[in-house]
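Structure first, commentary second.
The values are calculated or read from the model by the stated rules, or taken from the named source; none is laboratory data. Here the structure is a predicted model, which means the values were calculated and not measured. Ideal geometry is used to build each Cβ from the backbone, glycine not excepted, and the neighbour counts take in all protein chains shown. Note: areas computed on protein heavy atoms with side chains; ligands, DNA, RNA excluded. Shrake-Rupley method; radii C 1.70, N 1.55, O 1.52, S 1.80 Å.
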Amino acid sequence: MASKKWFERSRISLLLIFTAVPAVSYAQICGDAHGHAGLETRTIRLEAKSDFPAFYFRSEGFVVFISPKAVLDSLHSLPSSRPAQRLDPLIRARLPLAENQDLFQFELADWLYWSITQSIVIRAIENGNASITNELGAWSEEVRIVHDRQPRSSNTVIYDDKKGRNKIIWQLDCIVD
């Protein structure tokens, strides 16, 4: 009789332990075992428009200007990958810039550069190393950056101004199948 009670208690304990395991794994976020799920929002002040030639990135209704140094710094801050290593000499071959250069030219050369150029732009904006103008020619003084971290996916969205009414750029950071 005592062994039957012990067996029942053990079975209940094991059942509780195994049902808690998914909750522990889902507390982590996509791509970061130590991160926490949820929204992280912050506001970044931007650089004033530079008088020197820059690389630029066009999105719907906005153009982001980034100095060559900030482009290379952002590229080198990304995790190392073969496409990123191949992109570095292509960017350097354009330096010094005589006029503004579209980052899209690299995406046209190889579609594998698409996510890298988006990451470069987002990193530069996050570090305050970009200037952004809208289609009316008004320069943004600050942007709102929103990181949405969930167990199965995470993404970054950058909005014009604190209120975040107009999306400038969006990128899927991580997805788990």
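In the set (1) without any contact (Cβ under 8 Å) to a residue 40 or more places away in the chain; (2) surrounded by 14 or more Cβ atoms within 10 Å (Cβ to Cβ); (3) not in a loop (DSSP other than H, G, I, E, B), the condition left unmet by Phe65 is number (1). Against the numbered list (1) within 13 Å of Ile120 (Cβ to Cβ); (2) modelled with pLDDT of 95 or more; (3) under 20 Å from the mean Cα position of the chain (by Cα), Ile91 comes up short only at (3). For region 150-177, taking the residues that are out of contact with any Asp or Glu (no Cβ under 7 Å at 6 or more places or on another chain) and of a type in the set (Lys, Arg), the one that is nearest to Arg58 (Cα to Cα) is identified as Lys167. Starting from residues that are open to solvent by less than 70 Å² (accessible area, probe 1.4 Å) and part of a loop (DSSP other than H, G, I, E, B), keep the ones in region 14-53 and report whichever is modelled with the highest pLDDT. Checking each candidate, the answer is Pro53. Determine if region 109-120 includes at least one residue that is part of a strand (DSSP E or B) and within 19 Å of Asp160 (Cβ to Cβ). The answer is no; no qualifying residue exists. For region 150-170, the candidate set comprises residues that are touching a residue at least 60 places away in the same chain (Cβ under 8 Å) and among the hydroxyl-bearing types (Ser, Thr, Tyr); within that set, the residue that is surrounded by the most Cβ atoms within 10 Å (Cβ to Cβ) is Ser154.
Checked against (1) at pLDDT 95 or above; (2) open to solvent by 100 Å² or more (accessible area, probe 1.4 Å), Glu60 passes all but condition (1).
Scanning region 121-136 for residues that are part of a loop (DSSP other than H, G, I, E, B), more than 13 Å from the chain's Cα centre (by Cα) and touching a residue at least 40 places away in the same chain (Cβ under 8 Å) gives Gly128, Asn129, Ala130, Glu135.
Scanning region 73-88 for residues that are under 24 Å from Tyr159 (Cα atoms) and open to solvent by 20 Å² or more (accessible area, probe 1.4 Å) gives Asp73, Ser77, Leu78. Out of the residues in region 110-149 that are touching a helix residue (DSSP H, G or I) at 6+ places or on another chain (Cβ under 7 Å) and open to solvent by less than 20 Å² (accessible area, probe 1.4 Å), state the one that is nearest to Glu40 (Cα to Cα). Filtering first and then ranking leaves Ile145.
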